[in-house]
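Asker: Please see the structure below; I have some questions.
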Amino acid sequence: MNSLAELRERTARACRVLGALGLAQGATGHVSSRVPGSDSILIRARGHDELGVQFTQIGQIIEIGPNGTARSGTPDGLEPPLEVYIHTQIYKRRPDVSAVVHVHPLSVVLFTICNKPLLPLYGAYDPPSARLAIEGIPTYPRSILCDTPERGDELADTLAMSKCCMMRGHGITSVGHSVEEAALTAIHLNNLADVNYKAHLLGSPVPIPPDEQEFIYADRDGGSPAQPGVIPKGRSGALWRYYCALVDKQEKS
């Protein structure tokens, strides 16, 4: 089992990766992790001392209870995000989920505004993101803050048992067995939207044939963790290490 400090750092690192890739602008967006063996949640805090998602450090990851309130010992100037109920309500519905990501990738937002579906336009180019399109991505229809338990429940209803959902005129929410897996799903969804967007600019995009969709859907990584909270292995693990190295290089330059 990972220590609390390690889980804080992994959650902060996921924030930095998502921010560096442009999925979270400024201070908007948050990432959380379920603390194994407890009812606590670690989540990126908001406050006047923060530097934005891309520059999240371990000190900005605070511990909250299952109803979204900060645990004792939370540093002054930091508090749970307004949309903390995205996280709490999903965790209550989905015992299989160990992490939740909420960010605002522009390409995805544009598709929700125009009511255009994200199509499986490719296969081997990026199989994980193609699988999202093949599976189908639900959309939460309201373009408002999920800042109450009731709205968090509505979003959880939309997400159901999916890996991610789009939020009309707002952003996305993704989940996973680990914070790295949830972050990678958000990245794959953004990649899918970027390719769809550029394809529409060029002409009338055509999805790959059904038999190829079946092949891509069945060609799983095989590296998903059996234990909640475990860092992904296989191709997913390698991809996550790449993004971490990319961000580390940017931070040092």
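Asker: Conditions: (1) closer than 23 Å to residue 42 by Cα; (2) out of contact with any strand residue (DSSP E or B) (no Cβ under 7 Å at 6 or more places or on another chain); (3) open to solvent by less than 40 Å² (accessible area, probe 1.4 Å). Residue 150 meets all but one. Number of the miss?
Answerer: (3)
Asker: State yes or no: is residue 110 crowded, with 16+ Cβ neighbours inside 10 Å, under 20 Å from residue 137 (Cβ atoms) and of a type in the set (A, V, I, L, M)?
Answerer: The answer is no for residue 110.
Asker: Can you find a residue that is out of contact with any His (no Cβ under 6 Å at 6 or more places or on another chain), open to solvent by 50 Å² or more (accessible area, probe 1.4 Å) and outside any helix (DSSP H, G or I) anywhere in region 180-202?
Answerer: No.
Asker: Output the helices (runs of 4 or more DSSP H) that fall wholly within region 91-159 and possess 1 or more residues being small (Gly, Ala, Ser) and within 28 Å of residue 7 (Cα to Cα), or say none.
Answerer: Filter on region 91-159 gives 127-135, 149-159.
Asker: If the requirement is being surrounded by fewer than 19 Cβ atoms within 10 Å (Cβ to Cβ) and assigned to a helix (DSSP H, G or I), which of these qualifies: 27, 5, 14?
Answerer: Only one candidate qualifies: 5.
Asker: So which residues in region 121-142 are open to solvent by 40 Å² or more (accessible area, probe 1.4 Å), under 15 Å from the mean Cα position of the chain (by Cα) and farther than 17 Å from residue 160 by Cβ?
Answerer: 128
Asker: Working only within region 238-249, note down all residues that are out of contact with any helix residue (DSSP H, G or I) (no Cβ under 6 Å at 6 or more places or on another chain) and in contact (Cβ under 8 Å) with a residue 24 or more places away in the chain.
Answerer: 239, 244, 246
Asker: Identify all residues within region 9-41 that are without any contact (Cβ under 8 Å) to a residue 40 or more places away in the chain and more than 23 Å from residue 170 (Cα to Cα); write none if there are none.
Answerer: The answer is 35, 37, 38, 39, 40.
The values are calculated or read from the model by the stated rules, or taken from the named source; none is laboratory data. Everything numeric in this text was worked out from a predicted model, so none of it was measured. Cβ sites come from the backbone with ideal geometry, for glycine too, and all protein chains shown count toward neighbours. For the accessible areas, the whole protein counts, side chains as well, though only heavy atoms, and no ligand, DNA or RNA atoms are used. Shrake-Rupley method; radii C 1.70, N 1.55, O 1.52, S 1.80 Å.
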